[in-house]
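Accompanying notes for the structure given below.
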Amino acid sequence: MFSNNQIFAAPLAGVTDRPFRRMVRLFSPDAPLVTEMISCHSLVGAHKNCLRNFDNYAIEGNVGAQIFGADVNLMADAARILQDAGAKWIDINMGCPVPKVATRAGAGAHLMRDHRLAGQIMNAVVHAVQIPVSIKTRLGWDDEHRDWRDLINVAADCGVKFAALHGRTRAQLYLGHAELPDVSDCPIPIIANGDIKTAGDLVLPEKLGFSGAMIGRALMGRPWLISQMHGGNAPDNIGEIVLQHLEYALEYYGEKTAVPMFRKHAAWYSAGMKNSSDFRIKVNQIESADALKVAIRDFWSII
């Protein structure tokens, strides 16, 4: 069984922000967490409308900061900024499949199609910082180009310390079942990613030579999941956890941004529960923090 520091919280755009990472930390103090992806352009430009550009990772424990982009020099500069901000390692996104990243920006999964540029970026980032560098990628662009192993070899030659491998191609997006290959002969440690939801899902990756596992969408509404995989229990009253998460979001974003942003979290926390659809409809009409707290207390019967 993988140990606590071998089960990662994956980077999830719009999910694994500072408030969510704080929630995971409540249950898993030592687990390695990865930030949602950060644009090298936004970070180096210090764009003030993006709060994650100014996070202080030094107070967050074992957190890796993920960057994306296609400009070699900006990616190196961004890595330095994140190192100075206290990130424990730098992760390069080479797997994001969404068009605005993978096609229009020439970043994310696009780097699986351009190993030369990928190598230049990895080499620049590795030499820009003194902390470890990792990559997160997929099996390939599509079924005809499942060349993940070639990219892993390039990464190893550049000094990348480990990689996370999502068991789908870019063409699959998040559809179908993730397929994990045998990685026992890879030159660097590989972390398994894709459809890992329970402790039982960790058995196959270990047999295939993976050095750890990375949990993504299964964490949404269940920030205690990593702890559960090591025998921990889910909280007795999830509503108290939801309220704590909301407080963190309000502290970080302010009410105007936090309330509409938090609606999706409320939906994930309530998924599968009785009357959850009515709760989601109600929450989606709420615009104040006080009203949202009342709705949460009512739904989870918190006095």
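Here the Karplus relation 6.51 cos²θ - 1.76 cosθ + 1.60, evaluated at θ = phi - 60°, turns the backbone of region 9-14 into coupling constants of 8, 6, x, 10, 4, x Hz, with x for every Gly and Pro.
The number of Lys pairs in the chain with C-alpha atoms less than 23 Å apart, excluding pairs fewer than 8 positions apart on the same chain, is 22.
Can you give the direction-averaged projected area of the convex hull of the alpha-carbon atoms in region 22-146, in nm²?
Approximately 8.0 nm², given one-decimal rounding.
For a label point 7 Å from the Cα of Ala295 along Cα→C-beta, name the residues of region 229-263 whose backbone N is under 12 Å from it. Counting backbone N atoms under 12 Å from the label point, the list is 259-263.
Here is the tail figure for region 188-303: Cα pairs spaced more than 25 Å apart come to 34 percent of all pairs.
A simple spin-label model places pseudo-atoms 7 Å from Cα toward Cβ; at Leu173 and Val203 they are separated by 3.2 nm.
Using the Cβ-Cβ distance between Phe54 and Arg263 with R0 set to 22 Å, the FRET efficiency from 1/(1 + (r/R0)^6) comes to roughly 0.35. Multiplying the residue separation of Gln244 and Met273 by 0.36 nm and subtracting their alpha-carbon distance yields 8.5 nm.
With a cut-off of 12 Å between beta carbons, the residues surrounding Phe27 carry a summed charge of +3, where Lys and Arg count +1 and Asp and Glu -1.
Electrostatic bookkeeping for Thr16 treats Lys and Arg as +1 and Asp and Glu as -1; over the other residues with beta carbon under 14 Å from its beta carbon, the sum is +4. Close amide H partners of Phe8, meaning residues 5 or more places away or on another chain with modelled amide H under 5 Å apart, are Ala213, Met214, Ile215.
Our coupling estimate for region 41-50, obtained by passing each phi through the Karplus curve with A = 6.51, B = -1.76, C = 1.60 and θ = phi - 60°, is 5, 5, 5, 5, x, 6, 4, 6, 7, 10 Hz, Gly and Pro reported as x.
Annotation for Asn5 and Arg116: the two label points, set 7 Å from Cα along the Cα-Cβ direction, are 4.0 nm apart. For region 69-169, the solvent-accessible area with a 1.4 angstrom probe is 38 square angstrom per residue. The mean sequence separation of alpha-carbon pairs under 8 Å and at least six residues apart, normalised by the residue count of the chain, gives a relative contact order of 15 percent. Report in % the part of the accessible area of the chain that belongs to carbon and sulfur, leaving out ligands and nucleic acids; probe 1.4 Å. Roughly 50 percent, rounded to a whole number. Using equal-weight Cα scatterers in the Debye expression, the normalised intensity of region 11-90 in log10 at q = 0.11, 0.17, 0.18 Å⁻¹ is -0.25, -0.60, -0.67. The H on the amide N of Thr169, modeled in the peptide plane, is under 5 Å from the matching H of Leu139, each at least 5 residues off or on a different chain. Protection proxy ranking for 65-75, 5-15, using the average of other Cβ atoms within 10 Å per residue and placing the highest first: 65-75, 5-15. Among residues other than Arg170 whose Cβ falls under 10 Å from its Cβ, what is the net charge (Lys/Arg +1, Asp/Glu -1)? Computed value for this residue: +2.
The values are calculated or read from the model by the stated rules, or taken from the named source; none is laboratory data. Nothing here was measured: the structure is a model prediction, and the numbers come from that model. A quick note on method: Cβ atoms are made from the backbone with ideal geometry, for glycine too, and the neighbour counts reach across all protein chains shown. Remember, those area values only see protein heavy atoms, side chains included, never the ligands or the DNA or RNA. Shrake-Rupley method; radii C 1.70, N 1.55, O 1.52, S 1.80 Å.
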